[in-house]
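K.L.:
Have a look at this one.
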Amino acid sequence: MAYILGISAYYHDSAACLLKNGEVIAAAQEERFSRIKNDESFPAEAIKFCLKFASISLAEVDHVVFYEKPFLKFERLLETYVNFAPRGLRSFLKSMPVWLKDKLFIKKNIARALNTIDPNWKKSRTILFADHHRSHAASAFYPSPFEQAVVLTVDGVGEWATTTVSVGHSAQLTLKKEINFPNSIGLLYSAFTYYLGFKVNSDEYKVMGLASYGTPVYKQLIYDHLIDVKTDGSFLLNMDYFDYCTGLKMTNKKFDKLFGHPVRAKGEALLTFHKDIASSIQKVTEEIMIKLTQSLYREFAIDNLCIAGGVALNCIINSAIRQHSGFKRIWVQPAAGDAGGALGAAYSVFYEHLSGVRNVDPQADGMKQSLLGPSYTRHEVIRALSAYGLNYEEVEHELYYLKIAEYLAEGKVIAYFKGRTEFGPRALGCRSILADPRNSEMKAILNAKIKFRESFRPFAPAILEEFADLYFGEGSKNRYMLFTENYSNNSQQASNAVLIPGAVHVDGTARVQIVNQVHHPDFHKVITAFYNLTGCPAVINTSLNVMNEPMASSPEDAICCFLNTEIDILAIEGLLIDKKSRALMI
Amino acid sequence: MNTLVEFFHFLTQRKKYWLWPLFIILITIGLVLVAAHGSVLAPFIYSLF
């Protein structure tokens with residue numbers, strides 16, 4: 001029995017996962033416990049959860065692995081300062097103390113933190129370190145349903161690499177080529193995220209959402225001045241316009257001058273200019289990724305592609321790759337960001353360090369719907385409800401789903417809580433806010449009254465697999481909301497299909513979650529009940545949280561979200577709480 | 001100290017001998033900065049960490 005604990009931390013979105021004989025049995029992000037969005041601190045609570053889930057102590061874990069190599073990162077840092085000297089002095093003065101006091105000693109810090117969790121875990125025990133992009137690549141390939149695949153990882157930066165290409169075959173993963181810092185698609189996208197006044201390494205998805213409202217009028221300007229893209233999709237950035245190598249910002253004054261506007265201040269109105277900028281960088285990134293993947297398909301002549309790294313969370317790009325690259329099948333790791341690095345590092349140990357045997361199921365990936373986090377018993381839920389003075393109605397079996405469907409059909413917004421928390425950034429029907437997608441006003445209602453977020457942000461549909469082809473065409477099989485599908489070209493032509501304008505973005509696309517009866521039976525029942533009542537086989541599914549907060553994990557998190565927003569109903573582990581009846585009660 | 005020794009081994013393995021003197025100089029300056037700062041606040045720079 002081999003237990004492997006994977007850890008990602010000290011950068012952003014720290015996480016832990018536990019493999020048992022090569023099978024992922026638990027994984028969680030620290031933010032879900034600490035309630036700090038993208039929490040970067042050591043994932044002590046996530047580790048404790050993993051151990052509790054497996055009913056083992058830390059001392060019983062066979063291998064501990066960290067998802068990147070701090071020394072390599074430090075080497076990159078030093079060489080970058082040397083290359084750009086004397087520029088970067090201010091940045092050096094700020095960063096060096098952090099490294100010399102803390103980040104260079106990550107191994108020691110991890111050992112100390114693990115020893116605090118379990119004093120029987122000796123500080124002298126070996127801690128393994130995997131390359132950052134190796135961790136991403138492993139997270140993309142090993143749990144995929146493919147025996148053989150090209151594996152592409154694209155993010156901001158790891159140690160040196162920003163983009164890597166590997167080929168996976170059975171339990172072997174071989175690195176073929178890489179693009180190194182400072183040339184980075186992820187950092188290019190993040191530079192524009194910064195320029196648009198959003199938070200770097202956190203709000204990139206806002207740029208993606210905003211892009212649909214603009215026109216890519218600055219696309220050629222970006223190609224002419226910022227990036228040189230080669231025929232095989234490799235690229236070089238023009239560092240004259242960026243500040244991230246040596247400065248404390250992502251872009252510089254030359255960048256502002258190029259586009260004729262300063263960096264958008266926080267809270268400043270979003271103008272047509274900003275929407276066009278978002279649209280332009282989205283289009284450029286999309287075109288680079290298409291070029292890159294087309295070239296990989298030609299070069300390796302393998303039909304399967306696996307993708308991970310932060311850029312893989314850009315579902316518009318994933319769809320463009322699926323449409324244009326030539327690859328027949330694409331699998332994207334649902335926790336494609338750094339949280340998933342913990343998982344990849346652990347897989348890497350199992351298959352590469354321990355020579356584990358890989359059994360591939362072509363019908364199902366190894367991520368278990370990404371439902372890998374903590375779950376709570378009804379007793380725990382009732383205790384939490386009582387602590388908040390909430391009355392509940394206990395409803396069993398099919399009646400529970402019927403009642404939820406009736407509430408949805410009445411236009412009510414439901415906080416839905418069931419089973420294990422999702423691992424990764426998407427709510428997939430266990431910590432979700434559900435609403436009726438037939439109502440085109442629902443987006444505005446949800447954004448303003450419940451999520452408290454920007455009006456341009458879209459909502460996604462979760463649809464019964466049986467109806468996915470009818471609404472979104474035959475390509476739509478993704479269960480993790482990682483691809484956008486074209487809604488308008490399909491469903492409006494289909495006879496008798498109930499339209500779902502509330503779950504469609506302004507550009508006529510939707511980031512669809514396909515719900516399968518076998519793999520996600522509970523959520524399938526919710527949507528089936530809604531379908532039986534209304535003829536609509538989809539619901540709006542968005543994460544159970546408000547803006548700038550992590551997704552709910554515990555019953556208490558869900559209750560707080562329910563009470564602090566205008567959500568009408570809380571449906572939690574077979575219990576229903578109606579806010580109206582609560583108001584009457586008070 | 002173990003970490004510093006490990007880092008020197010790492011530089012040797014990577015065959016980046018030219019980084020040794022630079023590393024020593026930078027470490028010296030860095031240590032002075034650490035001593036001068038007292039507490040360390042991480043600056044928000046995307047690519048550094």
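Per-residue answers, yes or no, for (1) farther than 22 Å from A:P334 by Cβ; (2) modelled with pLDDT under 90; (3) hydrophobic (A, V, I, L, M, F, W, C):
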position: A:E465; (1), (2), (3): no, no, no
position: A:A468; (1), (2), (3): no, no, yes
position: A:G475; (1), (2), (3): no, yes, no
position: A:T484; (1), (2), (3): no, no, no
position: A:Q492; (1), (2), (3): yes, yes, no
position: A:S495; (1), (2), (3): yes, yes, no
position: A:A510; (1), (2), (3): no, no, yes
position: A:N516; (1), (2), (3): no, no, no
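K.L.:
Select, from A:N120, A:N38, the only residue that is surrounded by fewer than 17 Cβ atoms within 10 Å (Cβ to Cβ) and either free of Cβ contacts under 8 Å to residues at least 12 places away in the same chain or not small (G, A, S) (or both).
P.N.:
On inspection, the qualifying residue turns out to be A:N120.
K.L.:
So is A:I540 closer than 14 Å to A:I433 by Cα, assigned to a strand (DSSP E or B), in contact (Cβ under 8 Å) with a residue 12 or more places away in the chain and not polar (S, T, N, Q) or not?
P.N.:
Spelling it out, A:I540 is indeed closer than 14 Å to A:I433 by Cα, assigned to a strand (DSSP E or B), in contact (Cβ under 8 Å) with a residue 12 or more places away in the chain and not polar (S, T, N, Q).
K.L.:
From the list A:L270, A:L296, pick out the single residue that is over 18 Å from the mean Cα position of the chain (by Cα), aliphatic (A, V, I, L, M) and under 24 Å from A:S135 (Cα atoms).
P.N.:
Details: A:L270 fails: under 24 Å from A:S135 (Cα atoms).
Going through A:L270, A:L296 in turn, the sole match is A:L296.
One line per residue, one yes/no per condition, for (1) touching a residue at least 60 places away in the same chain (Cβ under 8 Å); (2) touching a Pro at 6+ places or on another chain (Cβ under 8 Å); (3) in a loop (DSSP other than H, G, I, E, B):
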{"position": "A:Y416", "(1), (2), (3)": "yes, no, no"}
{"position": "A:G424", "(1), (2), (3)": "yes, yes, yes"}
{"position": "A:A427", "(1), (2), (3)": "yes, no, yes"}
{"position": "A:L446", "(1), (2), (3)": "yes, no, no"}
{"position": "A:R453", "(1), (2), (3)": "yes, no, yes"}
{"position": "A:P458", "(1), (2), (3)": "yes, no, yes"}
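K.L.:
In the list A:Y392, A:Y480, which residue meets the criterion of being of a type in the set (F, W, Y), surrounded by 18 or more Cβ atoms within 10 Å (Cβ to Cβ) and more than 19 Å from the chain's Cα centre (by Cα)?
P.N.:
Of A:Y392, A:Y480, the one residue that is of a type in the set (F, W, Y), surrounded by 18 or more Cβ atoms within 10 Å (Cβ to Cβ) and more than 19 Å from the chain's Cα centre (by Cα) is A:Y392.
K.L.:
Mind counting the residues in segment A:224-251 that are among the polar types (S, T, N, Q), touching a helix residue (DSSP H, G or I) at 6+ places or on another chain (Cβ under 7 Å) and modelled with pLDDT under 95?
P.N.:
Of the residues in that region, 1 qualify.
K.L.:
When you go through A:L210, A:L187, A:L173, A:L221 one by one, which is the residue that is buried (at least 17 other Cβ atoms within 10 Å of the Cβ), more than 14 Å from chain B (Cβ to nearest Cβ), in contact with a helix residue (DSSP H, G or I) (Cβ under 8 Å, 6 or more places away or on another chain) and in a helix (DSSP H, G or I)?
P.N.:
Being buried (at least 17 other Cβ atoms within 10 Å of the Cβ), more than 14 Å from chain B (Cβ to nearest Cβ), in contact with a helix residue (DSSP H, G or I) (Cβ under 8 Å, 6 or more places away or on another chain) and in a helix (DSSP H, G or I) holds for just one of A:L210, A:L187, A:L173, A:L221, which is A:L210.
K.L.:
If I ask for residues that are within 12 Å of A:L196 (Cβ to Cβ) and among the charged types (D, E, K, R), which ones from segment A:259-301 would you list?
P.N.:
Of everything in segment A:259-301, those that are within 12 Å of A:L196 (Cβ to Cβ) and among the charged types (D, E, K, R) turn out to be A:R264, A:K266, A:E268, A:K275, A:D276.
K.L.:
Name every residue in segment A:192-207 that is in a loop (DSSP other than H, G, I, E, B) and either more than 14 Å from chain B (Cβ to nearest Cβ) or of a type outside the set (A, V, I, L, M) (or both), in order of residue number.
P.N.:
A:L196, A:G197, A:F198, A:K199, A:N201, A:S202, A:D203, listed by residue number.
K.L.:
Still on this structure, please answer the following. Would it be correct to say that A:N439 is modelled with pLDDT under 95, surrounded by fewer than 19 Cβ atoms within 10 Å (Cβ to Cβ) and under 30 Å from A:V207 (Cα atoms)?
P.N.:
It is true that A:N439 is modelled with pLDDT under 95, surrounded by fewer than 19 Cβ atoms within 10 Å (Cβ to Cβ) and under 30 Å from A:V207 (Cα atoms).
K.L.:
If you don't mind, there's one more thing I want to ask. Would you check which residues across segment A:12-21 are farther than 14 Å from A:I36 by Cβ and surrounded by 21 or more Cβ atoms within 10 Å (Cβ to Cβ) and list them?
P.N.:
Within segment A:12-21, A:A16, A:C17, A:L18, A:L19 qualify.
K.L.:
Here are the criteria: (1) within 7 Å of chain A (Cβ to nearest Cβ); (2) part of a helix (DSSP H, G or I); (3) at pLDDT below 80. Tell me which single one B:A42 does not satisfy.
P.N.:
B:A42 satisfies all of (1) within 7 Å of chain A (Cβ to nearest Cβ); (2) part of a helix (DSSP H, G or I); (3) at pLDDT below 80 except (2).
K.L.:
Can you name the residue in segment A:226-262 that is in a loop (DSSP other than H, G, I, E, B), among the aliphatic types (A, V, I, L, M) and within 14 Å of chain B (Cβ to nearest Cβ) and, of all such residues, is farthest from the chain's Cα centre (by Cα)?
P.N.:
Filtering segment A:226-262 for residues that are in a loop (DSSP other than H, G, I, E, B), among the aliphatic types (A, V, I, L, M) and within 14 Å of chain B (Cβ to nearest Cβ), the one farthest from the chain's Cα centre (by Cα) comes out as A:L248.
K.L.:
Can you name the residue in segment A:62-108 that is under 27 Å from the mean Cα position of the chain (by Cα) and assigned to a loop (DSSP other than H, G, I, E, B) and is also farthest from the other protein chains (Cβ to nearest Cβ) among such residues?
P.N.:
This residue is A:Y67.
K.L.:
Name the single residue, out of those in segment A:317-341 being among the aliphatic types (A, V, I, L, M) and touching a helix residue (DSSP H, G or I) at 6+ places or on another chain (Cβ under 6 Å), that is farthest from A:N201 (Cα to Cα).
P.N.:
A:I330
K.L.:
If you don't mind, there's one more thing I want to ask. Scanning for something touching a residue at least 24 places away in the same chain (Cβ under 8 Å) and in contact with a Pro (Cβ under 6 Å, 6 or more places away or on another chain), does segment A:72-91 turn up at least one residue?
P.N.:
Within segment A:72-91, not a single residue is touching a residue at least 24 places away in the same chain (Cβ under 8 Å) and in contact with a Pro (Cβ under 6 Å, 6 or more places away or on another chain).
K.L.:
Right, next: Quick one: would you say A:I47 is assigned to a helix (DSSP H, G or I) and either within 30 Å of B:H9 (Cα to Cα) or away from chain B (no Cβ under 14 Å) (or both)?
P.N.:
Against the criterion (assigned to a helix (DSSP H, G or I) and either within 30 Å of B:H9 (Cα to Cα) or away from chain B (no Cβ under 14 Å) (or both)), A:I47 qualifies.
K.L.:
If you don't mind, there's one more thing I want to ask. I'd like to verify a number: residues in segment A:543-581 that are closer than 16 Å to A:V395 by Cβ and in a helix (DSSP H, G or I), how many?
P.N.:
1
The values are calculated or read from the model by the stated rules, or taken from the named source; none is laboratory data. Since this is a predicted model, take the numbers as computed values, not measurements. Using ideal geometry, Cβ is built from the backbone for each residue, glycine included, and neighbour counts are taken over all protein chains shown.
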